[in-house]
1. Failed condition for residue B:30, given (1) buried (at least 23 other Cβ atoms within 10 Å of the Cβ); (2) over 10 Å from the mean Cα position of the chain (by Cα), with all others met?
2. Taking the condition of being in a helix (DSSP H, G or I) and under 30 Å from residue A:56 (Cβ atoms), how many residues in region A:713-732 meet it?
3. Taking region A:258-285, which residues are charged (D, E, K, R), more than 18 Å from residue A:317 (Cβ to Cβ) and either in contact with a Gly (Cβ under 7 Å, 6 or more places away or on another chain) or without any contact (Cβ under 8 Å) to a residue 40 or more places away in the chain (or both)?
4. Of the residues in region B:34-86, how many are within 10 Å of chain A (Cβ to nearest Cβ), among the acidic types (Asp, Glu) and surrounded by fewer than 19 Cβ atoms within 10 Å (Cβ to Cβ)?
5. Does residue A:606 satisfy the criteria of being on the phi > 0 side of the Ramachandran plot and either among the polar types (S, T, N, Q) or out of contact with any helix residue (DSSP H, G or I) (no Cβ under 9 Å at 6 or more places or on another chain) (or both)?
6. Take the residues of region A:33-51 that are assigned to a strand (DSSP E or B) and not hydrophobic (A, V, I, L, M, F, W, C): which is modelled with the highest pLDDT?
7. So which of A:149, A:80 is of a type in the set (A, V, I, L, M) and in contact with a Phe, Trp or Tyr (Cβ under 6 Å, 6 or more places away or on another chain)?
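The values are calculated or read from the model by the stated rules, or taken from the named source; none is laboratory data. The model shown is predicted, which means the values in this text are computed figures rather than measured ones. For neighbour counting, all protein chains shown are included, and Cβ atoms are generated from backbone atoms with ideal geometry for every residue, glycine included.
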Amino acid sequence: MSTRKILVVGNGMVGHHFVESLVGLKTADDITVIGEEPRPAYDRVHLSEVFSGREPSDLALATRETYENWGVTAHFGDPVVRIERARREVVTKGGRRFSYDKLVLATGSFPFVPPVKGADNKRCLVYRTIDDLGQIKATAKDSTRGVVVGGGLLGLECGNALRNLGLETHVVEFAPGLMGVQLDEGGSNMLRRKIEALGVRVHTSKNTQQIVEGESSALSMEFSDDTALDTDMIVFSAGIRPRDQLARESELAVGERGGIVIDYKCKTSDSDIFAIGECALFGGRIYGLVAPGYRMAEVVANQLAGEQEASFQGADMSTKLKLLGVDVGSIGDAHGRTEGSISYVFSDERAEVYKRIVTSGDGKLLLGAVLVGDCEDYDTLLQYFLNEIELPAEPESLIVPAAGDKPLLGAAALPMTATVCSCHNVTKGCIIEALDSGCCSLGEVKSETKASTGCGGCAAMLKNVVEDELSARGVVVDKSICEHFPYTRQELFHLAKVGEVKTFQDMIDGHGKGRGCDICKPAIASIMASLWNDHVLELPHVGLQDTNDTFLANMQKDGTYSIVPRIAGGEITPEKLIVLGEVAKEYGLYTKITGGQRIDLFGARQNQLPEIWRKLVDAGFETGHAYGKALRTVKSCVGSTWCRYGVQDSVGMAIFIENRYKGLRSPHKLKSAVSGCTRECAEAQSKDFGVIATENGWNLYLCGNGGMKPRHADLFATDLDDETLIKYIDRFLMFYVRTADRLQRTSVWMDNLEGGLDYLREVIIEDSLGICAELEAQMAAVVGTYQCEWTTTINDPEKLKRFRQFVNSDEEDSGVVFVQERGQIRPAQPEEKIRLVASSK
Amino acid sequence: MEAVKQDDWQTVCTRDDLVLNSGVCALVGGEQVAIFYLPDTDRQVFALGNRDPIGKANVMSRGIVGDLQGQVVVASPLYKQHFNLETGACLEEEGVFLPVYDIQLDGDAVNVKVAG
């Protein structure tokens, strides 16, 4: 028997999930995938994040190599245009033919554009693919106002995207309320109130009649109630329609209102053809969420692997998400349409929270729920709903905050069959199995089961289940920094601050044991520096520092040091440039320009450092802290002073920022940059904090970095004035210094921050923790006590003693040997050293 | 300062030249010796070869001292391997040792035994 040919048409999230599932079942089939888009499958759920700084490539679910490694043939950018069922072949637009034994249609859906006159204008767009995003971005460039048509889930997602692009955003909805499918009237009203508070204008019950050219703006929308709305661009996001054309033309059964009809095996009217995802119609219904699509994909994969009883039984459409930063949750019968059902409603207009639960008439079973503004109860309610767990005697206690002790549905109370992650269909039982098979951390369980790697909505629930189970097994999760302190860096910072501890000795006497080590000593030295800002070479601190901090220079492979004076913003006078050259020449140092717009002088012996620095300090240089876990450089482009395109003085701002934060010790190095316009020549989006000039002020980007695992910074706030910009950076840096782990860059810190960017905005912009005044005061103290560590050192004979090569001799280290290369020195290789020593004898 | 005390002991410096809970380097009979000062131990002073056998540079005196699982150690400033201050043994790589020198405090004088 020859190998069975499986052909998959469509490479969206569901099509990809099908291939992944089938490959995982090792069926030895010959699998071919044909995708319309030029790139392999990507995550459409998080599409709008591209506008808050995420790269399109970050959304990829697979690469061409992924398929190659799986032995799957994949063709992109050439859509299938015809199915020839009699020959069991499909034909692509490019004329290629592919034969199949089993065909899987995963063609997805297209955005519905209402038949409105003028909707074909080139400033009317849709929101579905990465290419759509490109068009939206391009059109937004010369727009100030944008309208989204559609107030559903996708429409609001899209509204968020426009808002992130800096547009004045309007949402136009045909129905009387937002998210009419998922929310009842009360929930819908609360959502509207919250979204409007964010500056998004909402227009409901609006029926667009036609779109014409506007007078003051590019377009004008005319509604049936004789009102109009001017706008520069329109994005249609008013629902989806199944892409069933291929099936229609090859005479497979399709629904009256579209959708390829499938049975519970996901088979179409041709038993060799399956349809899955948003193109499929099951029980008269299109499932427009990713989780049910994944279920269908698995059902087909399992059948092809020989598991006959695999079947699709419909799916729960409960959903929890953040729309424009607002928490929204919807479970089951959100509208209370079940006969005999009763409802409990809680509404707090001050906190802008709305919650409703729908129960059976006897109050014993949860039938549905709506949550707006606070989704904390979602996971618990969902478990009650999915597992039909009997409700407590007073069901309202589940949603009313003042009701005292809220009955907790702990992880232990969940049955083994409880679905924790609905995207990947991971039950509590699967998690227990993963732990049984050797996983012992949340991260391991995630990669083993894939739980919480879809929409991420179950993260908190998953964490609870894993931690509960681990602690039931007696596993203690140890987060100690090292064997000397049973605390995390964050806890140590707190202990030092609250107890006003000023030395390592007091710290270890009070809170640790032993002598310390090369992990805890520099970490605590850094905390001491952030808190009290003493000179790092003061007696109680000197033995704690890594060698770079001890010698205020960077140790190189041969034990010599490199010197990096501060050149704030990369701006330097010719006089100072000459001094650097003269010093380098006098001491025979190797010179190189750094990536941070500074000059690095290599090959200085430890005993030469003080004399070199005396010359540099005399010429007006300060230490550059290239050796410390501290602020390094603030890179800049020339900005509006010289550049034809610059809109703000980026050099001036970079110098101000660098001078403000120089000397700040932190959990890891900090880098920054300021660009004078959106061309972004200073590469600010690859920095821990980056600033990009706009016509109206500055955009602030946070938590990017280059290095081993590059991450683009997230757009944190837009159009800030100078004062607000600095205030936010003050707060951000101090919050990071306080709460990050040792050697944790801001990017990793952010990724581990529960609540992510939104949480950071709450803390820094809205002051949700009430600590902003304290953070600013602490930063002011650090800024106010700045000293150039080298200037202080060269004037203190006691500190200089440490720089002697030998305590009993003026000789130099004979192990340091240089050779010449390209007109400068470099350390000799071991065999060169042997040769040089031999020839000198 | 290179006054020979008795036999082959050599006074290399005074207590004042040492750095609290850290190291300095001395040249003893042509060898680079890293001297560590931990006044709250019984011995107070420790002496090891200054050359890092893994990083192949003379840097051990510039490492951070501390203790790991009860052993008093210094961490190489280059690649952070730990060496036992009493035996010179590397904790991470079996069979790698730093030379150990006899050292004592005599009042304020720091004496190291010259390799014979």
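1. (1)
2. Going through region A:713-732, the residues in a helix (DSSP H, G or I) turn out to be A:722-732.
Still in the running and under 30 Å from residue A:56 (Cβ atoms): A:725, A:728-729, A:732.
Number satisfying all stated conditions: 4.
3. First, the residues of region A:258-285 that are charged (D, E, K, R): A:263, A:265, A:267, A:270, A:272, A:278, A:285.
Then keep just the ones that are more than 18 Å from residue A:317 (Cβ to Cβ); that gives A:263, A:265, A:267, A:270, A:272.
Listed by number, the residues that qualify are A:263, A:267.
4. So the count comes out to 1.
5. On the way: on the phi > 0 side of the Ramachandran plot: no; either among the polar types (S, T, N, Q) or out of contact with any helix residue (DSSP H, G or I) (no Cβ under 9 Å at 6 or more places or on another chain) (or both): yes.
When the stated conditions are applied, residue A:606 does not pass them.
6. Initial filter on region A:33-51 (assigned to a strand (DSSP E or B)): A:33-35, A:42.
Subsequent filtering for residues that are not hydrophobic (A, V, I, L, M, F, W, C) retains A:35, A:42.
Values: A:35: 93, A:42: 90.
Filtering first and then ranking leaves A:35.
7. A:149
Conditions tested, residue by residue: (1) farther than 30 Å from residue A:652 by Cβ; (2) crowded, with 22+ Cβ neighbours inside 10 Å; (3) within 14 Å of chain B (Cβ to nearest Cβ).
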site	(1), (2), (3)
A:544	yes, yes, yes
A:550	yes, yes, yes
A:555	yes, yes, yes
A:572	no, no, no
A:576	no, no, no
A:579	no, no, no
A:586	yes, no, no
